Amino acid sequence: PQSRPRVFVTRQIPEKGLECLRQVAKVEVWPGDMPPNRDELLRHAEGCQGLLTLLSDRVDGELLDQVGPQLRVVCNYAVGFNNIDVAAAQQRGVAVGNTPDVLTDATADLAVTLLLAAARRLPEAIDQVRHGDWKTWEPLGLIGVDLTGKTLGIIGMGRIGLAVACRMHAGWSMDVLYTARSPKPEANQQVGGRHVDLDTLLANSDFISVHCPLSDETRGMLDAPQFAQMRSHVVLVNTARGEVIDQPALLKALTEKKIFAAGLDVTTPEPLPPEHPLVGLPQCVIAPHIGSASRDSREQMAMIAANNIIAGLNGRPLPHAVS
Ligand code: 8YV
């Protein structure tokens, strides 16, 4: 009988996905709490037919060559795939998949959570209670910004951007401006969203939420000149990729009170060291990249990844191939 194909999974993922993979393949899961380093990744991936990766695993020509010509499919356990050189994979006949849709709601929920927490200064408020600094009811203490009827700017009106816009439009009657490569009729239909250029969005938004993929085009897209255009009460949220924002420029904008607050689920680098100046800023709420960290999302991501890998091993088109 034909031997089973080998699949290397670079981190423990929900068991359901692994069980599904084990039906058809010999599955090796990286056992460490920390991701494999480059050498470990190269060594363990060698000879496998399927590779299930995370964002922290760089999949490039060197890795693909080292793994070998028997490799059929790589699937990222994420919707984003900026860690994968898709062209290099395609040149070698390797299919590339991702896990979209099932994390849209969870990530949009987190973006809203960060927006609200930053707008209402929740981390500072919690710190006060924890540290015994809640002395009295303060008429002028911990004043945040209002949300209802304000303008939300969505940078990158894809699935997650639209889910955030829907939440803020339905719950807080926000007007929606957005950037995207082309106008999105569904954004206009569902939230009355207006497609504008970045400068118009920056100058007219009270809240700005980043949802574009990381690419050469979007890297450092929000830098000092862009912060200079923002309103001083702006709350900026990023659940996309840290590198879309020039972090020193963000730090300066926050420190000099050019903007009101920021809520970040993604940073440069990740993890962000605790001594990084952004971590100490009360008006900056930082989460450790947990956008998709809900039970259903993570389980469904595992199932989609497993089904992608199985399709790839069988030479079938992936149900969720990257576009
Ligand atoms: C992932 C993400 O969970 O999907 C993405 O693009 O950023 C997160 O949902 C994380 O990147 C783990 O790979």
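Within the range 39-66, take every residue that is out of contact with any helix residue (DSSP H, G or I) (no Cβ under 7 Å at 6 or more places or on another chain) and charged (D, E, K, R) and give me the one that is farthest from the ligand (Cβ to nearest atom). Here the residue is ASP65. When the range 86-101 is examined, which residues are found to be within 16 Å of the ligand (Cβ to nearest atom) and either assigned to a helix (DSSP H, G or I) or more than 17 Å from ARG167 (Cα to Cα) (or both)? If the condition is that a residue be within 16 Å of the ligand (Cβ to nearest atom) and either assigned to a helix (DSSP H, G or I) or more than 17 Å from ARG167 (Cα to Cα) (or both), then VAL86, VAL96, GLY97, ASN98, THR99, PRO100 are the ones that fit. Within the range 194-213, the only residue that satisfies the criterion of being of a type in the set (Gly, Ala, Ser) and in a helix (DSSP H, G or I) is ALA203.
With respect to the conditions (1) crowded, with 22+ Cβ neighbours inside 10 Å; (2) of a type in the set (Val, Ile, Thr); (3) more than 26 Å from THR268 (Cβ to Cβ), VAL29 falls short on a single one, namely (1).
So, in the range 270-301, of the ones that are in a helix (DSSP H, G or I) and more than 11 Å from the ligand (Cβ to nearest atom), which residue ends up surrounded by the most Cβ atoms within 10 Å (Cβ to Cβ)? If you could, list the steps in order and put the result at the bottom.
Taking the range 270-301 as the starting set, the residues that turn out to be in a helix (DSSP H, G or I) are 277-280, 295-301.
Then keep just the ones that are more than 11 Å from the ligand (Cβ to nearest atom); that gives 277-280, 295-296, 299-300.
Working: PRO277: 12, LEU278: 18, VAL279: 12, GLY280: 9, ARG295: 9, ASP296: 11, GLU299: 16, GLN300: 20.
Among those residues, the one meeting the criterion is GLN300.
Taken residue by residue, the range 274-282 has at least one member that is more than 18 Å from VAL24 (Cα to Cα), assigned by TED's automatic domain parsing to the domain that holds ALA249, touching a residue at least 40 places away in the same chain (Cβ under 8 Å) and not aromatic (Phe, Trp, Tyr). In the set LEU71, LEU63, LEU55, only one residue is within 21 Å of the chain's Cα centre (by Cα) and either modelled with pLDDT of 95 or more or in the same structural domain as MET301 (by TED's automatic domain parsing) (or both); that residue is LEU55. In the range 46-66, the residues that are within 14 Å of GLN12 (Cα to Cα) form Cβ pairs under 8 Å with partners that are more than 16 Å from the ligand (Cβ to nearest atom) and of a type in the set (Val, Ile, Thr), at six or more places apart or across chains, as follows: LEU51/VAL7; LEU51/VAL67; LEU51/VAL73; LEU52/VAL7.
Determine, yes or no, whether THR113 is more than 12 Å from the ligand (Cβ to nearest atom) and either in the same structural domain as VAL234 (by TED's automatic domain parsing) or among the hydroxyl-bearing types (Ser, Thr, Tyr) (or both). The answer is yes for THR113. Taking residues in the range 187-204 that are surrounded by fewer than 18 Cβ atoms within 10 Å (Cβ to Cβ), and partners anywhere that are of a type in the set (Asp, Glu) and part of a helix (DSSP H, G or I), not one pair has Cβ atoms closer than 8 Å while being at least 6 places apart or on different chains.
The values are calculated or read from the model by the stated rules, or taken from the named source; none is laboratory data. Since we're looking at a predicted model, the values are computed, not measured. FYI the Cβ positions are ideal-geometry reconstructions off the backbone, even for glycines, and counts take in every protein chain you see.
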